[in-house]
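The values are calculated or read from the model by the stated rules, or taken from the named source; none is laboratory data. Fair warning: this is a prediction, and the values are worked out from it, not measured in the lab. Please note: Cβ atoms are built from the backbone with ideal geometry, for glycine as well, and neighbour counts cover all protein chains shown.
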Amino acid sequence: MIVEQTLQEELNIAKRKSAKPMLWISMISMVMFFAGLTSAYVISMKRDDWVSFDLPQAFFISTALIIASSITLFFSQRALKNDKRQLSLLLIIATLLLGVGFIWQQYVGFNQLKSVGLFFTGPESTVSTSFIIGITFMHVLHVLAGIIVLLVVIYNHFKYKYKSDNMLGFELGAIFWHFVDILWIYLFFFFYFIR
């Protein structure tokens, strides 16, 4: 029995030590993926059929929402470190709602682009609009993964799995969420300045 407990404790320590490096490795691979997509975008701009367009207003709103979500998550983590569980829970739920708002505004933005005649697929589509939908859709998939992570963190928060001295799961979720936030800011400025 004592040997099993010791082995279990050693496994838990090993998991804790490897969790953050594994997350960082996966985020680095995601950065490389998006770097490849944005590089292809830049190279494709030399095509004769390239169409430049202004970003829809909804993309500006979605950017503000995702930045706000990182701020609420930061303060949620800080509140939990100070043993303010209720405030932490409220703030992480706000983070989730802001994330859902981000996804909604992305949808609205693509409808705004379609309303001005910019289609993403079909005979009326262009290379530039197909690129923006492809890159942004891939980011939205990562945000959806982030939403799932937030739901797990909220569930674990309700189950009292996090305490000021045991926040690994919360920290991992926060790192991933801040990563998708920074990734969108990069993509937003990329699309804004490189047309």
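Side notes on the structure shown:
- Failed item in (1) among the hydrophobic types (A, V, I, L, M, F, W, C); (2) out of contact with any Pro (no Cβ under 6 Å at 6 or more places or on another chain); (3) more than 19 Å from W177 (Cα to Cα), with L113 passing the rest: (2)
- Restricting attention to segment 181-195 and to residues that are among the aliphatic types (A, V, I, L, M) and under 17 Å from A68 (Cβ atoms), the residue that is surrounded by the most Cβ atoms within 10 Å (Cβ to Cβ) turns out to be L183.
- None of A174, A145 is more than 26 Å from Q57 (Cβ to Cβ) and either crowded, with 16+ Cβ neighbours inside 10 Å or over 10 Å from the mean Cα position of the chain (by Cα) (or both) except A174.
- Residue match in segment 59-67 (condition: free of Cβ contacts under 8 Å to residues at least 24 places away in the same chain, surrounded by 15 or more Cβ atoms within 10 Å (Cβ to Cβ), within 27 Å of L168 (Cβ to Cβ) and not charged (D, E, K, R)): no
- W50 exposed (fewer than 15 other Cβ atoms within 10 Å of the Cβ), within 18 Å of F191 (Cα to Cα), aromatic (F, W, Y) and at pLDDT below 90: yes
- Residue within segment 183-195 that is closer than 19 Å to A94 by Cα, at pLDDT below 95 and charged (D, E, K, R) present: no
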